[in-house]
Amino acid sequence: MFKETYRRLNDIIQPDKALVAAVLAGGQRRKRGAKQPFVRLKPALIAAAICLCLVLTVPVLAASVEPVYELMYLVSPSVAQFFVPVQKSDTNNGIKMEVVSADIRGDTARIYITMQDLIGDRVDETIDLYDSYDIRLPFDGTGFCGKVGYDPNTRTETFLITIKTDGQKIAGKKITFSVGMFLSDKHVYDDIQIPVDLCTVSQNPKTQTVEVFGGGGEDFEKVIDLHGRGQAQAMVPGDEEASFPVKGIDLTGVGYVDGKLHVQMQMKNSLDNSNHGYFYLKDADGNRVLSRYSFSFRQMKEQEGQISYCEDVFDVPYEELSAYQLYGYFVTSQKKTEGGWRVTFSPESQQSKD
């Protein structure tokens, strides 16, 4: 009788949604590889922490209610990790993620985790977690995940997670590793010649002022002030070149703007596929000329949604263009797999006995 009553009471316990939202919005989540920042709690957060202490008397919430886990981790990572149940494997969307071994030596842990496609070929040797993984620690430390190797017979990729603390013991502490999505079927196009006659490029292409969200190169900071207005003069994207040799990236413009050669490409759904690349020039002897800078911007199209563009800018006189050919380096991914996998484990139970 008491057991049933307790269970019913436990089922209906939920934190106030507004409180959870306010705390999550007001706090700063620990980023992977960074130490937990010192946060001065405001009265509202202190009240939330007191309420949280009461909620922690029912630890099942931490395992079943994601907002509660996020709130707990915000207030106290060590408490949050304490209540998360150990789960060394997780299968979602036909993909199995599993902790297979660990080697702990002092303040450094090396954990091997595999991802296996149980129903298809989405996991391959080109798999990329695309910065969607998260390592949660109950202590201050840094973590990094890298690929180890791929087994084509079992369609399994092995990853190595390396965690280092500032002298704190890792054994006996719970660690959570999660992956939101991954990319695969990646193709690399290296040293690809672009079929464009540079002698015929327009010297007065249509331009527009765009908001820049990224870029690079030697002259980038001289030309574009991201801390100010962050704007640039870009070519108005033209029609895609049918002869462009890269699937997933299109050439949308080549021309002279303010005395400099601009070469523009577009990447559809770049936030989902991470398609990227850059252009460069080659002279008759094969010497490369890199752009002085490049910048990226986005535009919305009614039927296609958000399109990302990147424009490389070269400081080469128009009269000398006949001495060069246009080349490029590009990386594309054809598959995106979502799932949301999470494993939690205690390194002590897998500690090396060497």
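Using θ = phi - 60° in the Karplus curve 6.51 cos²θ - 1.76 cosθ + 1.60, the 3J(HN,Hα) couplings for the stretch 208-225 round to 8, 8, 10, 8, 8, 10, x, x, x, x, 4, 9, 4, 5, 6, 9, 10, 9 Hz; x is entered for Gly and Pro. By other beta-carbon atoms within 10 Å, ranking 155, 229 with the fewest at the front produces 229, 155.
As a footprinting exposure proxy, order 199, 310 by other Cβ within 10 Å, with the fewest listed first.
So the ranking, lowest neighbour count to highest, is 199, 310.
At an R0 of 56 angstrom, the distance between the Cβ atoms of residue 202 and residue 164 translates into a FRET efficiency of 0.55.
Gain on full extension, evaluated as 0.36 nm per residue between residue 142 and residue 239 minus their Cα-Cα distance, stands at 30.3 nm.
Taken together, the values in this text are just the output of simple stated rules run on the coordinates, not laboratory data. These numbers were taken from a predicted model, which means no experiment stands behind them. Neighbour counts run over all protein chains shown; Cβ positions are idealised from the backbone, glycine included.
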